[in-house]
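No lab work stands behind these numbers, since they all come straight from the coordinates. Predicted, not measured: the structure shown is a model, and the values here were computed from it. Here the Cβ is made from the backbone with ideal geometry for all residues, glycine too, and neighbour counts use every protein chain on show.
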Amino acid sequence: MTSHTTARPVIQARGLTMSYGDVDVLHGIDLDIHRGEVFALLGPNGAGKTTTVEILEGFRRRSAGEVSVLGADPERGDDAWRGRIGLVLQSWRDHRRWRVAELLTHFATYYPDPRDPAELLALVGLTGQAGRQVDRLSGGQRRRLDVALGIVGRPELLFLDEPTTGFDPEARHEFHVLVGRLARDEGVTVLLTTHDLVEAERLADRIAMLVGGRIRACGTPAELARRAAAQAEVRWTADDGTPRRERTADPSRLVWELHRDATGPIADLEVRRPTLEDTYLHMVHREDGGTGGDVDGDGDREAQAA
Amino acid sequence: MRGTRMTNENGTPGSRPPHPTRRLPWRAGLLRGGIELRHLLRNPKELSGHLSNVAAALAVAAFLGDDVPGTETPMAHLVIAGFAAYLLFQVGLFNLPQILVTEREEGALLRLRATPGGIPAYLVAKSLLVVVVAVGTLVLLLGAAALLVDGPLPRGAGGWLTLLWVTTLGLLAVVPLGAAIGAVLPNPREALALLMLPVMALLVTSGAVFPITSLPVPVQQAASVFPLKWMAQGLRSALLPDAARAAEPAGSWELPMVALVLTAWAVLGFLLAVPLLRRAARRESGSRLSARHEKAERSGAAPA
């Protein structure tokens, strides 16, 4: 999914920095997100996801750095630029008195080439609720309506903010299918923020892990998993009875060496390849511990170079 | 917020495709205003809020048997004219700020900000809504009063003309001001408390419901700063017979002063409303919205 090298990225950031007073929230983010890509920005609460996305959406002014979204600086985005962007936020509770179809039809009037509201309702599975008042929708239906409103103007870029918070598993699955369809069939670029690793793995072509205002890793889920698994952990119990563990890139060699030096079987021998989740939790933890070394920070540069 | 940006626009000219024609916000705004009006008419609770003012005015007028002191004009007529002014005043400075704060908190403002032409359309829709509600209740009040309690109506073309311009200028004085207030109020729950007291105080002190001359002079002077007194005075001049001006503080309708004060408030309102609304819209973002919702939930106000 890093093969879109010919086209200019839909979102490009270089050295994006944000500080509130003396507090630095973002420490020089670099991002390239390409057309038709589903990109997940993953990170714990407070990592800077929201700040990053709001800068890209043009709702917040950055402190420093270069940002281009659909070829324009988001701080200067005009109406035409806005019309090419769709937004789905988790906190919307607006237009509660409107009826579903009425609201969608109304928002279609703001765009030069809107989708057909009836087709759109079918796409998000709300045809049966077309005449219902918005505040009578369930949480999942409300969010799907928000998605419909987000894409009614045929955006080229769609921002999804924690889109499935509070969804039941079935609604979540349907939502994932819908987002996948938008990206694959219509070439919509999607920037998804989430703290749910499973959702990011399921939906995204590429994932960036944002921890403590830095991108700690960036790549396809497979790449990240491979990188995560590169350092396997070998555990065993030594002759004196103490549990031992060692991290190594070559567990087979370590196990062979252990056997070579041992006189018999090795007690409690275990080789573990860390999962992506282990790595993610490890990164988050390390950040909580306060050590801010940029160990995995070259991940995004690798991905860009491809 | 502060800080330096190294570059702004970057490279590759012509990467933005030409955009199809932009639409005027008028169409979307008028459509929106029409839909909101329909929602209002279908909402018994909100509708009864507007109608209860009319009912209150009629009840008070039906009760009063006296004349305005020193004139032959029934007290009921003065009250009807005063309530008519108060209706305009309330829609602009009480209902409108509340609508704005509520819709901001729910995220309507943010959604429209994220929509091309959304904010201008929103303003058009709100203006339409406010004008229709204000004029609608005014017509209802005067019509019902004329039919039921022998209420006042303008005499001759001059009277109708005065009614028209005082209503127009009165709305221009209070609607932008109300929009400015709505842009700065913290949230719907506090908005009600913050608005209620000053609006009620002005209702009592502005001579809308009883002759202003019966109030102490400092109170009269304080009320003269605000638009309600002048709206009420202007509407009395349109609705009451000319002889009733004997009960006015100056012994005359002071129509030039009415026009002057209301125009000044209109100008001030516009000067405040434009930057404040722009600021309110600019500050909207998803995280602000979430923060407000969390705060509302913590303070125990049910968000739904």
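Tabulated data for the structure shown
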| read-out | value |
| --- | --- |
| Amide H within-cut-off set for A:ALA217, under 5 Å, with H built and near neighbours excluded | A:MET209 |
| For A:HIS34, A:HIS173, order by how many other beta-carbon atoms lie within 10 Å, fewest first | A:HIS173, A:HIS34 |
| Residue (of A:HIS173, A:SER63, A:LEU104) at the positive-pole extreme of chain A, dipole from beta-carbon charges | A:LEU104 |
| Percent of beta bridges antiparallel (DSSP, the protein assembly as shown, rounded to nearest 5) | 65 |
| Eligible aspartates and glutamates near B:LYS229 by straight Cα distance, threshold 14 Å, same-chain separation 8 or greater | B:GLU248, B:GLU254 |
| 11 Å beta-carbon shell around A:ALA183, net charge (K/R +1, D/E -1) | -1 |
| Karplus-derived 3J(HN,Hα), 6.51/-1.76/1.60, for each residue of segment A:58-71, Hz, glycine and proline x | x, 9, 9, 8, 7, 7, 7, x, 10, 9, 9, 10, 6, x |
| Other-chain or far-sequence residues with amide H under 5 Å of B:THR73's (modelled H) | B:VAL68 |
| Exposure proxy ranking, count of Cβ atoms within 10 Å, fewest first, for A:LEU104, A:LEU281, B:LEU203 | A:LEU281, B:LEU203, A:LEU104 |
| Cα centroid separation - segment A:217-270 against segment A:78-128, whole Å | 53 |
| Amide proton proximity set for A:LEU158, modelled H, under 5 Å, gap of 5+ | A:GLY86, A:THR189, A:VAL190, A:LEU191 |
| 20 Å binning of all Cα-Cα separations within chain B, expressed as whole percents from 0 upward | 30, 51, 17, 3, 0 |
| Percent of Cα pairs exceeding the 31 Å cut-off, where the set is the protein assembly as shown | 60 |
| Net charge contributed by nearby residues that have their C-beta within less than 11 Å of B:LEU40 (K/R +1, D/E -1) | +2 |
| For chain B, size of Cβ-based charge dipole, Lys and Arg +1, Asp and Glu -1, in debye | 1800 |
| ³J(HN,Hα), Karplus 6.51/-1.76/1.60, whole Hz, each residue of segment A:265-279, x for Gly, Pro | x, 9, 6, 6, 5, 8, 10, 10, 8, x, 7, 4, 5, 4, 4 |
| Listed residues A:ILE207, B:ALA108, A:ALA7: farthest to the positive end of the dipole of the protein assembly as shown (Cβ charges) | B:ALA108 |
| Cα lying deepest toward the dipole's positive end in segment B:25-294, options B:THR137, B:ALA157, B:ALA57, charges on Cβ | B:THR137 |
| Alpha-carbon centroid distance for the pair segment A:131-190 / segment B:24-58, whole angstrom | 31 |
| Chain B - mean residue ellipticity at 222 nm from DSSP helices (-39,500 (n - 2.57) per run, n ≥ 4, rounded to 500) | -23500 deg cm²/dmol |
| Pair A:THR165, A:ARG76: separation of 7 Å Cα→Cβ label points (nm) | 3.4 |
